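A short write-up of the structure that comes next.
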Amino acid sequence: MYIRLKRGLNLRLAGKPANINIDRPAVSSVGLSGLDYPDVRPDFLVEQGQSVITGQPLLRDRRRPEIIVTSPAAGTVTGLTRRDPSTAAFFVGLSVSDVNPAEFNVPQDWRRGDAVSETLLASGLWSSFLERPFGRIPDPDGRPDAILVTAMPADELAPDPTVVLAGRAADFSTGIEALAHLADCPVHVCRAPGSEMAANSVVFSGVYPAGLPGTHIHHLCPSGSGSHVWTLNYQDVLAIGHLFNTEQLETHRIVTLAGPGVLIPTFLHVPLGADIEDLTRGRLREKYGRIVSGPFLSGRETKYLGRAHLEVCVQLSGPKEGHLSIFAHSNAVGPIIPIAAHQDTFPFDLPVVPLLRALVVGDSEMARDLGCLELIEEDVAVLSYICPSNNNYGPLLRSVLDELRDEL
């Protein structure tokens with residue numbers, strides 16, 4: 001299947017890696033944020049100052065204790081925060097002493113019964129999934145109507161999946177097979193035009209946000225129609241396949257350090273939650289600006305790499321001709337000023353301006369009727385970027401989604 005998107009925003013981002021050499025920087029600390037584990041209420045299984053090994057459970061969800069978060073490295077617990085005042089999310093910090101893969105027991109007959117789900121839960125890889133609607137980690141006893149694998153870059157600065165997947169066809173194939181055994185539903189691999197990745201792949205072409213899961217869901221199986229769709233990225237599929245093939249829990253990802261503020265944009269092989277200061281040390285221009293974990297428009301400023309983020313974007317300080325700039329949004333909410341770009345940059349067949357008005361006034365029922373259940377924060381980042389009033393629609397959308405979810 002080939003889907004060509006006609007709407008979107010051509011970012012024309014500078015600072016893409018020119019070669020595929022993969023560096024392995026020394027990482028001294030990692031941090032895990034509750035922002036990357038939505039709807040998880042932590043029950044910590046470790047204490048401050050305790051030594052842990054790679055793959056050891058750090059916490060479990062109080063309401064769904066089958067869901068655990070495991071350590072991406074061996075080291076010492078340096079921080080435990082149940083509710084960060086600035087983000088209202090938990091935080092776990094570790095000083096790193098070792099980042100080798102962890103050995104993990106995988107049933108020989110994992111293709112039978114519930115062995116796949118039990119293995120993913122026990123290894124912590126269950127948190128790879130996000131469920132639409134609402135963008136939360138799915139319940140262990142839930143079953144999706146479809147699983148979508150995002151196997152294309154979110155924007156120009158993200159790693160090219162064909163580079164990351166080179167030489168790892170067996171792990172990717174096994175990962176897809178495990179997903180097929182997890183639930184009796186279609187598994188779609190969403191990729192850009194180019195080399196084949198899987199027999200059941202769907203090709204998407206177009207500019208940003210052609211590479212986002214929400215765009216793929218909208219065109220394949222809209223979650224607003226009542227279906228439940230699980231998404232994960234291709235590197236998590238690799239980790240799943242590697243676990244079932246080798247009985248080793250892989251906690252590294254290949255990410256890009258890119259953008260106009262980087263001296264030499266490059267690929268990095270780093271543990272989950274790596275300290276961004278370790279990744280950028282000695283690699284930035286003298287007048288670099290904002291550092292964002294995640295895609296250029298929908299990433300966040302943070303000390304540690306996000307759980308599902310595959311890029312670290314660095315701007316130049318101050319405006320520079322030929323480079324887009326991410327700007328800080330004000331806390332105040334301004335008026336909705338309809339412009340043609342609202343419809344031209346948004347690849348969802350939804351009434352954009354009425355939906356934004358519903359989000360601004362907090363009318364959850366109207367927002368639901370207008371299709372907000374198909375969206376999460378990253379899907380409206382492009383609308384925040386072009387907004388004449390400098391509104392940040394992500395938090396407004398999340399507030400509405402939380403209200404609608406509480407009503408269920």
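Taking the square roots of 5 times each eigenvalue of the Cα gyration tensor of the stretch 340-406, largest first, gives ellipsoid semi-axes of 18, 12, 10 Å.
How many angstrom separate the Cα center of the stretch 1-59 from the Cα center of the stretch 122-200? Between the Cα centres of the stretch 1-59 and the stretch 122-200 lies a distance of 15 Å.
The GNM of the chain, with springs linking C-alpha atoms under 10 angstrom apart, assigns the highest mean-square fluctuation among 281, 191, 111 to 281. Per residue, the average separation of C-alpha pairs within less than 8 Å and at least 6 apart gives the stretch 103-246 a relative contact order of 36 percent. Hey, any idea what Rg/Rh is for the stretch 4-75, computing Rh the Kirkwood way over Cα pairs? Ratio of gyration radius to Kirkwood radius: 1.17.
Ranking 273, 288, 313 by how far each Cα lies toward the positive end of the dipole of the stretch 254-316 (charges on Cβ) leaves 288 at the top. The simple Förster model, with R0 at 22 Å and r as the Cβ-Cβ distance, assigns residue 406 and residue 353 a FRET efficiency of 0.25.
Give me the percent relative contact order of the stretch 254-316, please, defined on Cα pairs under 8 angstrom at least 6 residues apart. It rounds to 42 percent for the stretch 254-316. Note on the stretch 254-316: the alpha carbon radius of gyration divided by the globular reference 2.2 N^0.38 Å gives 0.96. How much of the DSSP beta bridge set in the stretch 136-278 is antiparallel, as a percent to the nearest 5? Rounded to the nearest five, the antiparallel share is 30 percent. Orientation-averaged projection of the chain equals 18.8 nm² [convex hull of Cα atoms, one quarter of hull surface area]. Taking label positions 7 Å along the Cα-Cβ direction at both residue 47 and residue 112, the computed distance is 4.2 nm, reported to one decimal. Considering only alpha-carbon pairs that sit under 8 angstrom and 6 or more positions apart, the relative contact order computed for the chain is 20 percent.
Readers should treat all values here as calculations from the given coordinates under stated rules, not as data from a laboratory. Small disclaimer: the values here were computed from a predicted structure and weren't measured. Cβ coordinates were reconstructed from backbone atoms using ideal geometry, including for glycine residues, and neighbour counts include every protein chain displayed.
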